[in-house]
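> Next up is a structure, given as structure tokens.
None of the figures in this text is laboratory data; all of them are computed from the coordinates on show. The structure presented is a predicted model; accordingly, all values stated were derived computationally and were not measured. Cβ placement follows ideal geometry from the backbone for every residue including glycine, while neighbour counts extend to all protein chains displayed.
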Amino acid sequence: MSRPYNFSPGPATLPESVLQQAAAEMLDWHGSGMSVMEMSHRGRDYGLIIEQCEADLRALLAIPLHYRVLFLQGGAQAQNAVLPLNLAALKPQRQMDYVVTGSWSQKSAEEALKYGDAQVVAKADGYTHIPNPATWRLRPQASYVHLCSNETVHGVEFHQLPDLRALGSGAPLAIDFSSHVLSRPLDWSRVALAYGGAQKNIGPAGLTLVVLREDLLGHALPICPSVFDYRLQANNQSMLNTPPTYAIYIAGLTLQWIKAQREGDLTGLAAVEARNIAKAQLLYDCIDGSQLYENRVDPACRSRMNVPFFLRDESRNAAFLAGAAERGLLQLKGHKMVGGMRASLYNAMPLAGVQALVEWLREFERQS
Ligand code: PMP
């Protein structure tokens, strides 16, 4: 069976070999006689699965030993509340600084207002660029600074994270890395906490990853629900409540797939990153070289993962999408907030998929 290329922003395409392995193990995981779905999260077999998943995540992202990994539920949007519930009180003023570069960080800032003095300290008009960090109005007493390191809807990515200390802020940096986690390495010297939903680059919806520095544990507000208290979850190996067991298992298979990737001399995450750079370059070059298509994001912060683009003649949108679907190129319609098109090029999208998309872009332009 040949599968279509699925450019969905998430839930998104997964490596075919991961799906095949999950299918092969569906009824009987490693001779246990059970599906992973049917296992107790406290049993020995499941313990092996979650421990391996954490070990592989730590190895791939080079997570330092003084950071903890939590496997939670609720999605990235729950973290918009959970983060302030846990970190607002790091300082008595409960100031939280938000950098807004797209709709997801805007949502985060709005939710945080419920829990303290959340302020937008920098905002990109039109969400097509990242304001120069030297102009951010960071507050010296802020409990933390938040940003979204890849804006899924607007296609804006931080290719370098800010060095808050160099900007005069001693606050920890918290990032929403939902839509580019594991697409590139992460500089933990600049990040105190990172969170993200799994349903783009890691696995199925239902799993939310939180990776945080140990000193951030233990500051939750009294009203914080226990299952969302980072310290309680860290002390209970993410098993204060039942974790999303099957989603963690699939995430583990995806991590093993990343480890096994090769690209020239590169292996693992470096190989995946090189491929992501090549895929994005191919698509942006095609868009920039055409008369029909345009991407409006500052080239310095164009996302490798999510590429929004527009047809200069919007009346051709439906014909473009119909022709794409006929060629097995699916889920290219842009977010309703932005319009136009969007191609999401997560790790599991092969180069061949982007080549097929580029061929269609060229063919459609010739026909127009
Ligand atoms: N942040 C980002 C960057 C996202 O892309 C998304 C989902 N598209 C969310 C947050 C919300 O995630 P969830 O639906 O898992 O709450």
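> Mind counting the residues in the range 40-70 that are touching a helix residue (DSSP H, G or I) at 6+ places or on another chain (Cβ under 9 Å), farther than 21 Å from Asp215 by Cα and part of a loop (DSSP other than H, G, I, E, B)?
Number satisfying all stated conditions: 2.
> Any residue in the range 139-156 that is among the basic types (Lys, Arg) and within 21 Å of the chain's Cα centre (by Cα)?
no
> Further, regarding this structure: Quick check, is Leu85 touching a residue at least 12 places away in the same chain (Cβ under 8 Å) and more than 16 Å from the ligand (Cβ to nearest atom)?
When the stated conditions are applied, Leu85 does not pass them.
> Scan the range 177-186 and give yes if some residue there is part of a strand (DSSP E or B), within 11 Å of the ligand (Cβ to nearest atom) and in contact with a helix residue (DSSP H, G or I) (Cβ under 8 Å, 6 or more places away or on another chain), otherwise no.
no
> For the range 126-150: of the residues being touching a residue at least 60 places away in the same chain (Cβ under 8 Å) and within 16 Å of the ligand (Cβ to nearest atom), which is farthest from Ala88 (Cα to Cα)?
Ile130
> While we're here: Residues being away from the ligand (no atom under 16 Å from the Cβ) and in contact (Cβ under 8 Å) with a residue 12 or more places away in the chain: count how many of those fall in the range 187-197.
Residues in the range 187-197 being away from the ligand (no atom under 16 Å from the Cβ) and in contact (Cβ under 8 Å) with a residue 12 or more places away in the chain: 4 in total.
> Could you grab me the full set of residues in the range 316-327 that are of a type outside the set (A, V, I, L, M, F, W, C) and assigned to a helix (DSSP H, G or I)?
Arg316, Asn317, Gly323, Glu326 - these are the residues of the range 316-327 that are of a type outside the set (A, V, I, L, M, F, W, C) and assigned to a helix (DSSP H, G or I).
> Could we say that Val153 is surrounded by 19 or more Cβ atoms within 10 Å (Cβ to Cβ), outside any helix (DSSP H, G or I) and within 13 Å of the ligand (Cβ to nearest atom) here?
Spelling it out, Val153 is indeed surrounded by 19 or more Cβ atoms within 10 Å (Cβ to Cβ), outside any helix (DSSP H, G or I) and within 13 Å of the ligand (Cβ to nearest atom).
> Need the failing condition index for Glu111 against (1) over 17 Å from the mean Cα position of the chain (by Cα); (2) within 16 Å of the ligand (Cβ to nearest atom); (3) in a loop (DSSP other than H, G, I, E, B), just the number.
With respect to (1) over 17 Å from the mean Cα position of the chain (by Cα); (2) within 16 Å of the ligand (Cβ to nearest atom); (3) in a loop (DSSP other than H, G, I, E, B), Glu111 is out only on (3).
> Only one of Met26, Met37 is within 23 Å of Ala205 (Cβ to Cβ) and in a loop (DSSP other than H, G, I, E, B). Can you tell me which?
Met26
> Determine whether Leu138 is touching a Lys or Arg at 6+ places or on another chain (Cβ under 9 Å) and assigned to a loop (DSSP other than H, G, I, E, B).
Answer is no for this residue.
> Somewhere in the range 217-228, is a residue within 16 Å of the ligand (Cβ to nearest atom) and touching a Cys at 6+ places or on another chain (Cβ under 9 Å)?
No, there is no match, as no residue in the range 217-228 is within 16 Å of the ligand (Cβ to nearest atom) and touching a Cys at 6+ places or on another chain (Cβ under 9 Å).
> A follow-up question, please. Within the range 328-366, can you find the residues that are free of Cβ contacts under 8 Å to residues at least 60 places away in the same chain, loosely packed, with under 15 Cβ neighbours inside 10 Å and part of a loop (DSSP other than H, G, I, E, B)?
Within the range 328-366, Lys336, Gly339 qualify.
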